[in-house]
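Notes follow once the structure below has been shown.
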Amino acid sequence: MLRTVCRAGGALLKNSRREVPVEWMAPAQQRWVSSNPMNTMILFVPQQEAWVVERMGRFHRILEPGLNVLIPVLDKIRYVQSLKEIVIDVPEQSAVSLDNVTLQIDGVLYLRIMDPFKASYGVEDPEYAVTQLAQTNMRSELGKLTLDKVFRERECLNANIVTSINQAADEWGIRCLRYEIKDIHVPPRVKESMHMQVEAERKKRATVLESEGSREAAINVAEGQKQSQILASEGQKAEQINMAAGEASAVLAKAEAKAKAIRLLSDALTRQNGNAAASLSIAEQYVAAFSNLAKESNTILLPSNTGDISSMVTQAMGIYSTLAKQTVNASEIRETEAQTAALEKPAENTPQPPQYS
């Protein structure tokens with residue numbers, strides 16, 4: 001018997017839950033809702049639905065999902081509320097921004113019924129009420145922003161609209177989860193101005209980037225020239241130092257060689273037959289110098305006795321003997337002066353004679 005009653009109740013419930021279109025807001029927009037089921041005493045409430053029951057015209061209780069038993073005739077299912085997230089398409093509307101630009105804007109609203117009792121008795125049509133509230137808040141928030149900020153601060157605009165809707169829809173048992181702006185349409189002239197502004201901004205960025213590139217290139221070239229000049233100057237400095245060091249070493253080497261040659265020549269001249277060797281060397285130099293005459297210039301100055309080599313050698317040896325004597329005399333004079341100074345200097349350890357007053 002119970003199985004038969006359950007089957008009959010299920011059949012009646014199935015027939016009573018035919019989906020029919022309900023029009024709201026715009027004629028082209030329809031939302032499919034379930035009609036109120038009949039009271040068959042034994043009812044099965046689907047998951048994520050809340051059935052509001054009235055007993056003799058007054059609110060009695062809200063049926064939970066699963067098996068529920070009602071009293072026929074006295075109890076009546078007045079409202080059926082879906083607890084799922086509901087998506088509502090907000091129709092396109094016009095709004096004026098802070099800089100007096102008329103915009104055509106639409107959006108999508110996501111909401112959920114949190115309290116079936118408030119949603120049933122707090123407002124006549126909750127979806128219509130929330131939609132109108134979203135439109136009015138959208139116009140209000142757009143009036144606070146300029147056109148450029150509308151595009152840049154879309155997320156902030158959505159958050160402000162959601163906050164405003166939740167403050168007003170709390171008494172209706174509805175919670176707005178999020179609001180998203182779908183399209184923003186601007187007038188054609190404003191759109192052309194925006195395109196020109198974007199193009200000008202891009203040209204500006206390109207010019208700035210090009211100038212920065214030119215500046216960086218000039219800086220790099222200047223730095224390269226600076227480094228090259230520094231390296232060149234350091235190279236020249238090192239070259240000059242090396243040349244000076246080489247010349248100094250060459251001068252020292254020449255001086256040492258010349259001093260060594262002079263010492264060897266002096267030793268040779270002090271030996272036996274040294275004068276004869278000096279005479280031979282002077283004669284050879286004279287012949288070599290005479291052979292080079294008239295090779296580098298056409299003007300020649302010749303002595304009167306050019307062919308008399310012996311007289312030239314004798315003259316050179318006389319000059320050499322005179323210089324040697326002067327050198328010996330100078331050395332003897334220096335030695336004599338040193339000895340005289342030594343004799344005149346009183347000895348430090350010599351006792352002084354006593355003095356009597």
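Observations
- Close pairs from the range 76-93: first without any contact (Cβ under 8 Å) to a residue 12 or more places away in the chain, partner part of a strand (DSSP E or B) and not β-branched (Val, Ile, Thr), Cβ under 8 Å, at least 6 apart: none
- Cβ pairs under 9 Å, 6+ apart, first in the range 147-175 and at positive phi, second charged (D, E, K, R): Gly173/Asp115; Gly173/Lys118
- Test result for Asp183, within 30 Å of Glu85 (Cβ to Cβ), open to solvent by 50 Å² or more (accessible area, probe 1.4 Å), acidic (Asp, Glu) and assigned to a strand (DSSP E or B): yes
- Lys260 vs. criteria surrounded by 10 or more Cβ atoms within 10 Å (Cβ to Cβ), assigned to a helix (DSSP H, G or I) and at pLDDT below 90: yes
- Inclusion of Arg112 among residues that are within 30 Å of Gln197 (Cα to Cα) and either open to solvent by less than 40 Å² (accessible area, probe 1.4 Å) or touching a residue at least 24 places away in the same chain (Cβ under 8 Å) (or both) is not warranted.
- Leu63 in contact (Cβ under 8 Å) with a residue 24 or more places away in the chain and open to solvent by less than 30 Å² (accessible area, probe 1.4 Å): no
- Breaking point among (1) open to solvent by 40 Å² or more (accessible area, probe 1.4 Å); (2) outside any helix (DSSP H, G or I), for Lys118: (2)
- Leu145 falls short on exactly one of the conditions (1) part of a helix (DSSP H, G or I); (2) out of contact with any strand residue (DSSP E or B) (no Cβ under 6 Å at 6 or more places or on another chain), and that condition is (1).
- Check on Arg175, surrounded by fewer than 13 Cβ atoms within 10 Å (Cβ to Cβ), farther than 22 Å from Ser94 by Cβ and of a type in the set (Lys, Arg): no
- Residues of the range 113-131 classified as among the small types (Gly, Ala, Ser) and in contact with a helix residue (DSSP H, G or I) (Cβ under 6 Å, 6 or more places away or on another chain), total: 2
- Test: residue in the range 78-98 that is over 28 Å from Asn160 (Cβ atoms), in contact with a Phe, Trp or Tyr (Cβ under 7 Å, 6 or more places away or on another chain) and not in a loop (DSSP other than H, G, I, E, B): yes
- Of all the listed residues (Glu216, Glu201), the sole one being acidic (Asp, Glu) and either more than 30 Å from Leu147 (Cα to Cα) or open to solvent by 100 Å² or more (accessible area, probe 1.4 Å) (or both) is Glu216.
The values are calculated or read from the model by the stated rules, or taken from the named source; none is laboratory data. These numbers come from a predicted model, not from an experiment. As a convention, Cβ positions derive from the backbone with ideal geometry for all residues, glycine included, and neighbour counts pool all protein chains shown. Protein only, heavy atoms only, side chains kept; ligands, DNA and RNA dropped before computing areas. Shrake-Rupley method; radii C 1.70, N 1.55, O 1.52, S 1.80 Å.
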